[in-house]
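The values are calculated or read from the model by the stated rules, or taken from the named source; none is laboratory data. If you're wondering where the values come from, they're calculated on a predicted model, not measured in any experiment. Quick reminder, even Gly has a Cβ in these numbers, built from the backbone with ideal geometry, and neighbours come from all protein chains shown.
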Amino acid sequence: MYTQGLDAKAEQGAQPSPRLVTEQEAALQGRFQERVDAEEKIEPRDWMPEGYRRTLVRQISQHAHSEIVGMLPEGNWITRAPTLRRKVALLAKVQDEGGHGLYLYSAAETLGVSRDELVGQLLSGKAKYSSIFNYPTPTWADIGAIGWLVDGAAIMNQVPLCRCSYGPYARAMVRICREESFHQRQGYELMLALAQGTPEQKRMAQDALNRWWWPSLMMFGPSDDQSAHSAQNMAWKIKRFSNDELRQRFVDATVPQAEFLGLTIPDPELRFNAGTGHYEFGAIDWTEFNEILKGNGPCNRERIEARRKVWDDGAWVREAATAHAAKRKQRALKKAG
Amino acid sequence: MDRKDWPLFEIFIRPKNGLSHKHVGSLHAADARMALDNARDVYTRRGEGVSIWAVPAASIAASDPTEKASLFDPADDKVYRHPTFYDIPADVKNI
């Protein structure tokens, strides 16, 4: 996972007001847009509008933070996985998320921002990450629901990003998407095992679906008329489909999967419209979403505290690695000398 | 010492013998050895490669994209560098 339209329209006031562009800049911008329109990829050292760079740094770093914070709710269950098979799968998945975070930080760094700056923004609470990781994982079924729904929504979001106009981001997304499909499948398999298990196990699966359904729909970000950057990001081909389009695709793909499990989607208004070929669904509670983005979700504080603790507790490892590298260098010099 | 001291390494992987190393991404490490160890974990979790190169990013000299035209244009009008430039009668075989 996990990119999300996290910036609501209200925030636009904070943006610097547009200044007059010089003729030269206008020409550069025109040429840039032509390249993007022609589906040419933009590479790190190519000229790009400042807004394009800023948007990418924000989106890619939020995406990277989401991967790293996303390790926490699932990591919670590694030591308590019910079988060795489930345990190795979960361990591999969480390790993948760490790797995805790294690919993305690397992609962000090609835009001239340092890793320490990005990590600092996460630890200070300044940076945003996907709202979904601020929900708790109280039962084992949550691990199934996360793989099935959260990673399912992530895939829906991320596949179009493989064609993003910015080369390093697109390449990172190709790697990520390739790895992500195992995440979703292991989650669905886990849900299937519970849904076909004892009545108590099935109840657990249903309870997890009840809690994760709406937050998963919110992962696609605010609806199109509330989304701050959509039009420009579409023109820049950072974004290919609108939040609402992707959300609809997710619902259309997921409802039949829930039916196969014999579980009920917690939305009384959900119905199939034979005319359009799409599922219609109830209104999303955006108050909940906005509260989470403001830092008031069930686990916001816990997540950032956990990341800070990891950073502080890991300080000696970073110091030791640096000291060890220096010693090795000294030894090599002595040998050569 | 802070991690700011860790340089950036560009990572290249050879997918299998017979193919060239290909750039896959980058990472920070205290030294080249740590870069190789971490590249193993980050970029080859699913049998992606048989060999890794870690190259300090600072050691890479790169051409300037704004000079792309003057750098590559000279090759664009030299069609005689391509085999199809030369007319050979259809009756002549194996050439």
**Item:** Selection status of B:Ile88, within 12 Å of another protein chain (Cβ to nearest Cβ), more than 17 Å from A:Arg175 (Cα to Cα), surrounded by fewer than 12 Cβ atoms within 10 Å (Cβ to Cβ) and at pLDDT 90 or above
**Value:** no
**Close pairs (7 angstrom Cβ cut-off, 6 or more residues apart or separate chains): touching a residue at least 12 places away in the same chain (Cβ under 8 Å) in the range A:25-41, part of a helix (DSSP H, G or I) anywhere** = A:Lys41/A:Gly167; A:Lys41/A:Ala170
**Asked** What do you reckon, is A:Ala172 small (Gly, Ala, Ser) and either touching a strand residue (DSSP E or B) at 6+ places or on another chain (Cβ under 6 Å) or within 13 Å of another protein chain (Cβ to nearest Cβ) (or both)?
**Response** yes
**Item:** Selection from the range B:59-85 of residues that are within 30 Å of A:Arg178 (Cβ to Cβ) and within 14 Å of chain A (Cβ to nearest Cβ)
**Value:** B:Ile60, B:Ala62, B:Pro65
**Message:** Looking only at helices (runs of 4 or more DSSP H) that lie completely in the range A:220-337, which have at least 1 residues being among the charged types (D, E, K, R)?
**Reply:** A:243-261, A:286-293, A:300-313, A:315-336
**Message:** Taking the condition of being acidic (Asp, Glu) and buried (at least 16 other Cβ atoms within 10 Å of the Cβ), how many residues in the range A:104-122 meet it?
**Reply:** 1
**Message:** Just to confirm my filter: which helices (runs of 4 or more DSSP H) fall fully inside the range A:37-137 and include at least 1 residues that are touching a Gly at 6+ places or on another chain (Cβ under 6 Å), closer than 19 Å to A:Leu161 by Cβ and within 12 Å of chain B (Cβ to nearest Cβ)?
**Reply:** A:84-109
**All positions within the range B:47-85 that are modelled with pLDDT of 95 or more, of a type in the set (A, V, I, L, M) and in contact with a Leu (Cβ under 8 Å, 6 or more places away or on another chain)** = B:Ile52, B:Ala54
**Request:** Give the residues of the range B:33-54 that are in contact with a Phe, Trp or Tyr (Cβ under 8 Å, 6 or more places away or on another chain) and either in a loop (DSSP other than H, G, I, E, B) or surrounded by fewer than 17 Cβ atoms within 10 Å (Cβ to Cβ) (or both), sorted by residue number.
**Result:** B:Gly49
**Fill in**
Flagged in the range B:11-32 as under 13 Å from the mean Cα position of the chain (by Cα), crowded, with 19+ Cβ neighbours inside 10 Å and touching a residue at least 24 places away in the same chain (Cβ under 8 Å), in numbering order, are B:Ile11, B:Phe12, B:Ile13, B:Val24, B:Ser26
**Request:** Read through the list (1) β-branched (Val, Ile, Thr); (2) closer than 30 Å to B:Ala35 by Cβ; (3) within 18 Å of the chain's Cα centre (by Cα), then give the number of the only condition that A:Thr322 fails.
**Result:** (3)
**Request:** Considering each of A:Gly262, A:Gly282, A:Gly297 in turn, give the residue that is surrounded by 15 or more Cβ atoms within 10 Å (Cβ to Cβ) and either touching a helix residue (DSSP H, G or I) at 6+ places or on another chain (Cβ under 7 Å) or under 25 Å from A:Tyr135 (Cα atoms) (or both).
**Result:** A:Gly297
**Item:** Condition met for B:Ala62 (part of a loop (DSSP other than H, G, I, E, B), at negative phi, exposed (fewer than 10 other Cβ atoms within 10 Å of the Cβ) and without any contact (Cβ under 8 Å) to a residue 12 or more places away in the chain)
**Value:** yes
**Message:** Could you list, ordered by first residue, the pairs with Cβ atoms under 7 Å in which the first is in the range A:134-156 and over 27 Å from A:Glu245 (Cβ atoms) and the second is surrounded by fewer than 24 Cβ atoms within 10 Å (Cβ to Cβ) and β-branched (Val, Ile, Thr), at least 6 apart or interchain?
**Reply:** A:Ile143/A:Thr137
**Fill in**
B:Ser51 fails exactly one of (1) within 14 Å of chain A (Cβ to nearest Cβ); (2) under 18 Å from the mean Cα position of the chain (by Cα); (3) of a type in the set (Ser, Thr, Tyr), namely (1)
**Asked** Does B:Leu19 satisfy the condition of being of a type outside the set (Val, Ile, Thr), more than 9 Å from chain A (Cβ to nearest Cβ) and in a helix (DSSP H, G or I)?
**Response** no
**Asked** Can you tell me which of A:Ala108, A:Ala127 is at pLDDT below 95 and aliphatic (A, V, I, L, M)?
**Response** A:Ala127
